[in-house]
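The block underneath contains the structure these notes are about, expressed in structure tokens.
The values are calculated or read from the model by the stated rules, or taken from the named source; none is laboratory data. Fair warning: this is a prediction, and the values are worked out from it, not measured in the lab. For neighbour counting, all protein chains shown are included, and Cβ atoms are generated from backbone atoms with ideal geometry for every residue, glycine included.
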Amino acid sequence: MNFFALFDLSVLDTTVRLATPLLLACLAGLFSERGGIFDIGLEGKMLAAAFFSAALAAITGSVWIGLLAGIGASLVLSAVHGLASITFRGNQLISGVAINFLAAGLTVLIAQSWFQQGGRTPSLIGGGRFEPITLPFADALSTVPVFGPIYAELISGHSILVYVALLCVPGTWYILFRTRFGLRLRAVGENPAAVDTAGVSVVGLRFAAVGICGILCGLAGAYLATGLQAGFVKDMTAGRGFIALAALIFAKWRPWHALWATLLFGYLQAIALRPDIIEGALGFKVQVQLLDALPYILTVVILAGFVGKAIPPRAGGEPYVKER
Amino acid sequence: MTLMQKFLGASAALALSAGAALAEPALIFDLGGKFDKSFNEAAFNGAKRWADETGGKFLEIELQSEAQREQALRRFAESGANPVITTGFAFADPVSVVAPDYPDTKFVNIDGWMPEVPANVQLIGFQEHQGSYLVGMMAAMASESGTVGFIGGMDIPLIRHFGCGFAQGVKAINPDATVIANMTGTTPAAWNDPVKGSELTKAQISQGADVIYAAAGGTGVGVLQTAADEDILSIGVDSNQNYLHSGKVLTSMLKRVDVAVYDSMKAGEGMETGGFTTLGLAEEGVGVALDEHNDALVTDEMEAAVAEAREKIISGDLEVVAYYTNDSCPVLDF
């Protein structure tokens with residue numbers, strides 16, 4: 001029995017990599033839902049971003065152009081979602097589902113017509129991928145006990161999008177809770193009529209929320225295809241958009257909680273890859289399937305109100321209709 | 001989904017108008033997709049070879065969801081396609097349901113298993129454990145650490161069958177070797193999750209593995225990529241995947257799905273049905289891929305050992321235990 005083996009550095013390293021796309025998608029959902037627009041199309045936006053970032057990176061050889069293309073694709077789908085659910089006051093859930101289907105089909109179709117490799121992009125090489133960044137002094141400090149290996153292996157050596165994602169957490173907190181825009185954004189998710197009375201455009205604010213959501217989903221998708229992988233494979237998001245939604249509920253729509261929730265979910269996914277460590281640490285075998293299901297079980301527990309209460313933004317899911 | 005149904009309807013209508021003239025064979029790809037660089041792509045290559053050689057045409061559809069299986073089978077059968085070839089174990093159930101309704105149509109299922117085979121159905125299986133045994137031997141000889149890895153896609157008996165043969169091959173060369181086995185997941189999404197494939201590869205590397213065998217469809221793309229990035233060897237599956245990372249892929253376990261599809265299409269309406277066909281080493285149904293991309297990695301010693309084991313397995317002197325025999329593996333615990 002060695003309980004600390006559960007926190008092996010390689011497991012934590014994997015946790016950071018697996019949590020990053022979840023974190024970006026979770027923050028994306030947070031902006032959108034705080035603005036009163038439910039978004040179950042996170043998965044589709046990530047998928048579209050994954051494809052277009054890999055495709056443009058493969059064509060141009062530059063991962064940065066790929067990243068921009070990924071964000072662009074995600075923004076286009078966000079605009080569709082906004083148009084359907086804000087301008088035309090459609091059902092936000094249905095629009096989200098439609099986006100997921102649209103992305104799943106379109107990415108494979110376009111990939112096949114551009115590259116003829118069966119719905120995938122060519123493997124990215126050289127400048128087409130985000131390479132891991134070695135932070136300053138990582139090598140020099142790696143001999144320092146305890147802190148050295150943690151800094152060299154866990155903190156250093158990820159691609160730049162990981163650090164961007166982590167910086168997004170305080171960024172999101174600051175925007176939402178310390179700026180005028182954030183106050184209005186939260187208000188529009190709770191009581192849009194009050195915002196309207198104050199003379200601020202509900203439609204404009206909600207489009208801004210959906211737009212930020214698009215950018216963050218674009219980062220998440222680009223990280224999957226050009227940071228973690230070297231190219232796009234059909235359906236490669238594999239449900240991460242939905243896990244991010246679960247994390248959002250788990251985090252009760254708060255930025256710092258979102259970080260802890262996605263790290264927890266990422267850790268559960270990471271430890272599920274190492275049955276040998278679990279058995280060594282706990283002394284008995286834990287079914288991998290149970291670990292895979294844990295994020296959802298935890299979310300249900302939270303939703304059922306056993307641990308605190310998850311209250312969504314009050315005006316979420318409701319299209320805003322001006323009183324006449 | 002309704003859009004998909006419209007496409008299906010349109011393709012079925014096309015098929016109806018074409019089918020009246022001559023019975024064409026039909027090929028239904030499983031969820032992995034036609035160009036998975038692996039199992040389904042091999043099926044497509046077999047069909048293409050048949051079409052190129054005979055000038056014939058074949059109907060095809062790529063499934064998008066589980067719900068379409070029976071629907072696609074019925075549409076093809078009603079349009080007069082014959083034989084209707086399906087790839088993947090998951091088609092066994094829908095085929096056994098649909099086949100009795102169309103007694104004049106021949107159905108072929110690759111990889112599937114049914115307790116009772118209807119008279120107009122032929123099941124084609126492969127001795128994957130034999131081919132996996134051979135690549136397992138090569139893995140053990142190429143490994144310097146004495147630890148090798150196996151990454152499966154969806155956790156089903158077929159994939160355990162691959163892993164079991166592989167582990168037996170490894171132990172035959174080095175009885176002290178450690179074989180680490182991981183499955184990607186328990187749902188069909190496990191065939192298309194390269195990110196998880198990559199992380200599993202990294203996890204196995206941190207446990208000391210230096211040769212990793214991926215039997216995981218699209219997930220394997222991530223495994224081979226990460227193995228190449230981390231400078232260890234990988235082993236591909238089903239199709240020849242050596243070229244994906246030239247010089248980094250030790251070999252590929254070939255499963256000649258293309259041969260099975262080609263033979264079925266060639267036999268056409270007159271093919272024999274109502275039983276099982278098993279393609280093993282003797283029939284060249286499974287094998288080891290050797291080409292210009294891996295000849296620097298494969299030593300003469302490996303080739304000799306593989307050739308010898310191959311002869312022994314064919315002659316029956318060496319028996320590779322199939323996972324199906326006891327639903328367990330003698331040398332590997334999943």
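When each of B:Ala99, B:Ala139, B:Ala81, B:Ala51 is tested for being closer than 28 Å to B:Gly236 by Cβ and in the same structural domain as B:Ser264 (by TED's automatic domain parsing), the lone residue that passes is B:Ala51.
Among the residues of this structure, A:Tyr320 does not count as one that is within 14 Å of chain B (Cβ to nearest Cβ), of a type in the set (Phe, Trp, Tyr) and in contact (Cβ under 8 Å) with a residue 12 or more places away in the chain. Restricting attention to segment B:200-221, the residues that are at negative phi and surrounded by fewer than 24 Cβ atoms within 10 Å (Cβ to Cβ) total 5. In segment B:168-195, what residues are within 7 Å of chain A (Cβ to nearest Cβ), crowded, with 24+ Cβ neighbours inside 10 Å and either assigned to a helix (DSSP H, G or I) or free of Cβ contacts under 8 Å to residues at least 12 places away in the same chain (or both)? The answer is B:Asn192, B:Pro194, B:Val195. In the set B:Val221, B:Val237, B:Val195, only one residue is under 22 Å from A:Asp235 (Cα atoms), modelled with pLDDT under 95, over 20 Å from the mean Cα position of the chain (by Cα) and not aromatic (Phe, Trp, Tyr); that residue is B:Val195.
For the subset of segment A:280-324 comprising residues that are hydroxyl-bearing (Ser, Thr, Tyr) and buried (at least 16 other Cβ atoms within 10 Å of the Cβ), which member is nearest to A:Lys252 (Cα to Cα)?
First, the residues of segment A:280-324 that are hydroxyl-bearing (Ser, Thr, Tyr): A:296, A:299, A:320.
Now drop any that are not buried (at least 16 other Cβ atoms within 10 Å of the Cβ), which leaves A:299, A:320.
On the way: A:Thr299: 10, A:Tyr320: 23 Å.
Filtering first and then ranking leaves A:Thr299.
Would you be able to say whether some residue in segment B:149-159 is in contact with an Asp or Glu (Cβ under 7 Å, 6 or more places away or on another chain), in the same structural domain as B:Leu224 (by TED's automatic domain parsing) and either surrounded by 24 or more Cβ atoms within 10 Å (Cβ to Cβ) or closer than 22 Å to B:Leu27 by Cβ (or both)? Within segment B:149-159, one or more residues are in contact with an Asp or Glu (Cβ under 7 Å, 6 or more places away or on another chain), in the same structural domain as B:Leu224 (by TED's automatic domain parsing) and either surrounded by 24 or more Cβ atoms within 10 Å (Cβ to Cβ) or closer than 22 Å to B:Leu27 by Cβ (or both).
Residues considered: A:Leu282, A:Leu291, A:Leu219. Of these, the only one that is among the aliphatic types (A, V, I, L, M) and closer than 30 Å to A:Phe88 by Cα is A:Leu219. From the set of residues in segment B:110-144 that are in contact (Cβ under 8 Å) with a residue 40 or more places away in the chain, assigned to a loop (DSSP other than H, G, I, E, B) and of a type in the set (Gly, Ala, Ser), which is surrounded by the most Cβ atoms within 10 Å (Cβ to Cβ)? The residue in question is B:Ser143.
Looking at segment A:183-220, which of its residues are aliphatic (A, V, I, L, M) and free of Cβ contacts under 8 Å to residues at least 60 places away in the same chain? Walk me through how you get there before you give the answer.
Going residue by residue through segment A:183-220, those that are aliphatic (A, V, I, L, M) are A:183, A:185, A:187-188, A:193-195, A:198, A:200, A:202-203, A:205, A:208-210, A:212, A:215-216, A:219-220.
Matches in segment A:183-220: A:Leu183, A:Ala187, A:Ala194, A:Val195, A:Ala198, A:Val200.
Of the strands (runs of 3 or more DSSP E) lying entirely inside segment B:229-279, the ones with 2 or more residues being touching a helix residue (DSSP H, G or I) at 6+ places or on another chain (Cβ under 8 Å), in contact (Cβ under 8 Å) with a residue 12 or more places away in the chain and farther than 30 Å from B:Gly80 by Cβ are found at B:233-238, B:249-255.
Given the residues A:Ala19, A:Ala55, A:Ala84, A:Ala48, which is the only one that is part of a helix (DSSP H, G or I) and within 14 Å of another protein chain (Cβ to nearest Cβ)?
On the way: A:Ala55 fails: within 14 Å of another protein chain (Cβ to nearest Cβ); A:Ala84 fails: within 14 Å of another protein chain (Cβ to nearest Cβ); A:Ala48 fails: within 14 Å of another protein chain (Cβ to nearest Cβ).
None of the others qualify; the one that does is A:Ala19.
Residues that are farther than 30 Å from A:Thr87 by Cα and out of contact with any strand residue (DSSP E or B) (no Cβ under 8 Å at 6 or more places or on another chain): does segment A:240-248 have at least one?
As a first pass, look at segment A:240-248 and keep what is farther than 30 Å from A:Thr87 by Cα: none.
The answer is no; no qualifying residue exists.
Residue-level check: of (1) under 29 Å from A:Asn2 (Cα atoms); (2) buried (at least 20 other Cβ atoms within 10 Å of the Cβ); (3) away from every other protein chain (no Cβ under 14 Å), A:Ile277 misses just (3). Evaluate segment B:35-52: report whether one residue or more is at negative phi, away from chain A (no Cβ under 14 Å) and in contact with a Leu (Cβ under 8 Å, 6 or more places away or on another chain). Yes, that holds for at least one residue.
Scanning segment A:87-138 for residues being in a helix (DSSP H, G or I) and among the polar types (S, T, N, Q) gives a total of 7.
Pull up segment A:240-274, narrow it to residues that are outside any helix (DSSP H, G or I) and more than 14 Å from chain B (Cβ to nearest Cβ), then point me to the one that is surrounded by the most Cβ atoms within 10 Å (Cβ to Cβ). Please lay out each step first, then the result.
Filtering segment A:240-274 down to residues outside any helix (DSSP H, G or I) leaves A:251-254, A:273-274.
Within this subset, residues satisfying the condition of being more than 14 Å from chain B (Cβ to nearest Cβ) are A:251-254.
Details: A:Ala251: 23, A:Lys252: 15, A:Trp253: 21, A:Arg254: 17.
The selected residue is A:Ala251.
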